[in-house]
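The structure appears right after this line, and notes come after that.
The values are calculated or read from the model by the stated rules, or taken from the named source; none is laboratory data. What you see is a predicted model; the values in this text were computed from it and never measured. Glycine gets a Cβ as well: all are built from the backbone with ideal geometry, and neighbour counts include every protein chain shown. Note: accessible area is taken over every heavy atom of the protein model, side chains too, but ligands, DNA and RNA are not part of it. Shrake-Rupley method; radii C 1.70, N 1.55, O 1.52, S 1.80 Å.
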Amino acid sequence: HMAACVGTLSVRASACRLGFRTGSHSARLLASIGRRPRFTALSAVLLVTRAVASSAEMSSTAETLNCDVVVVGAGISGLTAASRLHAAGFSTVVLEARDRVGGRCFSTPEGADLGASWAWLPDETNVASVAKELGLSWVPQRLDGGVRAPGGKRAPGGGEYMAPCGPGALRMDGGYAALAEALAKTLPPGAIRFGADARKIAKRAEGGVVVECGGVTVSASRAVVAIPPRVAIARVAFEPALPEDQAAQMRGTQTWAGDWCKVVASFKENFWRKNGDAGVAKFGANALLAVTWEAADPDDLGEKGACLAGVNFGAAACERLLRFGAHADKKTGRSGDALRAAVKKDLGSVFGEAVVDENLVAVYHQAWTGEEHTWHDGDGGALARGDDPRRLYGHPALRKIAPWGVHFAGTETESKSGHVDGAVAAGERAASEIKSALAKQAREEEEL
């Protein structure tokens, strides 16, 4: 009995030295070793020694990682889940294929959004709550003032009917990338592994999961898949395979805004406001953009630059943008000279060539069909058939937990119209599911 008590104390101390919180699932599992009749104090110490050796190997080679939870995808949903789990004391590793956080929340240095752009408060309580918690703020999406059309045509108003957000929308100050970056800062240094493209999630014989992504393997009790469903089922091998009804639902669920393309133009000043305009403009059928709106304003709203953003829809529109070639700077989304010239021409056709030429500073773009971690063609896309993919979002099969420990998040798993609010809600749900599952597991092990 004394030996068992010494073993328990030694293991608890070792758990703390390994960086596990004493209340965490990892610490509880280690601490429970000494209480099990079939383990002696010596076997407990041997197991801790192996854990220490494994920890040293992880830090030196970074080839094998062990944690309570592994999260695939550092978009808003994955980061929300990881942040909540870390706050609850669970060791968490986030695998991100890109070299940045945020996923479809991608903003220019001026804080103008190339991906998700708006929130509608107070209705969207999930994103409102996490933004308040992280000290982030909102600015109004202004749509008042004159609107423009090709050939220099102008109407005194109507921006609320032309802009895709409609009236009452808000933008996040700094762009939605600010939300991703703030969530990432709630995690310990090194918790997010960039360039980690998860291609296989398998059940471990001893329980739990193992995720393989290139040269890195992560072993965990639970996994969260927080990438778009159609991308996940196309790119990740699940072993054992997911039930066919679940896999079919994932294949049939188009990524929200995945076949959209956006352009942001930054200017020396917000000339549209000085001319009494909203920044909202409609473009011709052959233009790169369908419609623009004000995406940042330093004068009245205190943002980092003066920007207009524009969008177009569908695979053909994305392909037109992609034909201009790679970004001049992929990390910021800055466009090359050819696309800059084309965008300047399109903007000049509605706002006036002279004022655009005089004030244009930079052009940024993002065609999401060119992002393999966002878009997969699947059946060609619901929007191409005149359908709305959001009718499938929140289907129970998209969030069905694999009994061997795989949970699913991402905005498409919630009935939230594909908004960032849905991404936050999904991350919160996945974290709650895992906390309950690991608490149950800890109770069962204590009873052994």
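If you scan region 391-435, which residues turn out to be small (G, A, S) and surrounded by fewer than 18 Cβ atoms within 10 Å (Cβ to Cβ)?
To start, the set of residues in region 391-435 that are small (G, A, S) comprises 394, 397, 402, 405, 409-410, 415, 417-418, 422-423, 425-427, 430-432.
S415, S417, S432 - these are the residues of region 391-435 that are small (G, A, S) and surrounded by fewer than 18 Cβ atoms within 10 Å (Cβ to Cβ).
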- Message: I'd like the residue in region 107-152 that is out of contact with any strand residue (DSSP E or B) (no Cβ under 8 Å at 6 or more places or on another chain) and modelled with pLDDT under 95 and, out of all such residues, is most open to solvent (accessible area, probe 1.4 Å).
- Response: G151
- R340 vs. criteria in a helix (DSSP H, G or I), basic (K, R) and within 25 Å of C105 (Cα to Cα): yes
- Taking G175 and the conditions (1) crowded, with 24+ Cβ neighbours inside 10 Å; (2) at negative phi, which numbered condition does it fall short on, given that it satisfies the others? (2)
- For N270, state whether it is touching a strand residue (DSSP E or B) at 6+ places or on another chain (Cβ under 8 Å), in contact (Cβ under 8 Å) with a residue 40 or more places away in the chain, farther than 28 Å from S91 by Cα and of a type in the set (S, T, N, Q). no
- Item | Those residues of region 355-370 which are touching a Gly at 6+ places or on another chain (Cβ under 8 Å) and either crowded, with 19+ Cβ neighbours inside 10 Å or without any contact (Cβ under 8 Å) to a residue 60 or more places away in the chain (or both), in sequence order | V356, D357, Y364, H365, Q366, W368, T369
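Within region 89-122, count every residue that is of a type in the set (D, E, K, R), farther than 18 Å from P164 by Cα and assigned to a loop (DSSP other than H, G, I, E, B). Steps first, answer last, please.
Initially, region 89-122 is screened for residues of a type in the set (D, E, K, R), giving 96, 98-100, 104, 110, 113.
Subset that is farther than 18 Å from P164 by Cα: 96, 98-100, 110.
If we keep only those that are assigned to a loop (DSSP other than H, G, I, E, B) as well, we get 98-100, 110.
Adding up the residues that qualify gives 4.
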- Only residues that are over 18 Å from G336 (Cβ atoms), of a type in the set (S, T, N, Q) and touching a Lys or Arg at 6+ places or on another chain (Cβ under 8 Å): list them for region 362-376, please. T374
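Filter region 159-203 down to the residues that are outside any helix (DSSP H, G or I) and without any contact (Cβ under 8 Å) to a residue 24 or more places away in the chain, then identify the one that is nearest to V70 (Cα to Cα). Lay out the reasoning, then the answer.
To start, the set of residues in region 159-203 that are outside any helix (DSSP H, G or I) comprises 163-176, 185-203.
Add one more test, that the residue is without any contact (Cβ under 8 Å) to a residue 24 or more places away in the chain, and what stays is 166, 185, 189-190.
Details: G166: 38, K185: 17, P189: 15, G190: 13 Å.
Once the filter is applied, the top-ranked residue is G190.
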- Message: Between a residue in region 304-330 that is free of Cβ contacts under 8 Å to residues at least 40 places away in the same chain and over 28 Å from P389 (Cβ atoms) and any residue that is outside any helix (DSSP H, G or I) and open to solvent by 40 Å² or more (accessible area, probe 1.4 Å), which pairs come within a Cβ distance under 6 Å, given they are 6 or more apart or on different chains?
- Response: A328/R334
- Task: Confirm whether A128 is in contact with a Leu (Cβ under 6 Å, 6 or more places away or on another chain) and closer than 24 Å to E294 by Cα.
- Result: yes
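Do we have V224 as modelled with pLDDT of 95 or more, under 19 Å from the mean Cα position of the chain (by Cα) and of a type in the set (A, V, I, L, M, F, W, C) here? Explain how you work it out, then say what you get.
Working: modelled with pLDDT of 95 or more: yes; under 19 Å from the mean Cα position of the chain (by Cα): yes; of a type in the set (A, V, I, L, M, F, W, C): yes.
Answer is yes for this residue.
Restricting to region 159-169, what's the tally of residues that are open to solvent by less than 20 Å² (accessible area, probe 1.4 Å) and either farther than 17 Å from G310 by Cα or out of contact with any helix residue (DSSP H, G or I) (no Cβ under 9 Å at 6 or more places or on another chain) (or both)? Full working, then the answer.
At the first step, the residues of region 159-169 found to be open to solvent by less than 20 Å² (accessible area, probe 1.4 Å) are 159, 163, 165-166, 169.
Then keep just the ones that are either farther than 17 Å from G310 by Cα or out of contact with any helix residue (DSSP H, G or I) (no Cβ under 9 Å at 6 or more places or on another chain) (or both); that gives 159, 163, 165, 169.
Total meeting the criteria: 4.
From A338, A328, A285, A342, grab the single residue that is modelled with pLDDT under 95 and open to solvent by 10 Å² or more (accessible area, probe 1.4 Å). Steps first, answer last, please.
Numbers: A338 fails: modelled with pLDDT under 95; A328 fails: modelled with pLDDT under 95; A342 fails: modelled with pLDDT under 95.
Just a single option satisfies the conditions, and that option is A285.
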- When W404 is run through (1) of a type outside the set (K, R); (2) closer than 21 Å to A257 by Cβ; (3) assigned to a loop (DSSP other than H, G, I, E, B), the failure sits at (2)
- Message: Anything in region 77-96 that is crowded, with 23+ Cβ neighbours inside 10 Å and of a type outside the set (S, T, N, Q)? List them, or say none.
- Response: G78, L79, A81, A82, L85, F90, V93, V94, L95, E96
- Note on the structure: Exception for G214 within (1) open to solvent by less than 40 Å² (accessible area, probe 1.4 Å); (2) free of Cβ contacts under 8 Å to residues at least 24 places away in the same chain falls at (1)
- Would you pick out the residues in region 196-207 that are surrounded by fewer than 19 Cβ atoms within 10 Å (Cβ to Cβ) and either modelled with pLDDT of 95 or more or of a type in the set (K, R) (or both)? D197, R199, K200, A202, K203, R204
- Task: Please state which one of V406, V424, V361 is β-branched (V, I, T), within 30 Å of R154 (Cα to Cα) and within 29 Å of the chain's Cα centre (by Cα).
- Result: V361
- Out of all the residues in region 418-448, which are touching a residue at least 60 places away in the same chain (Cβ under 8 Å) and not in a helix (DSSP H, G or I)? G418, H419, L448
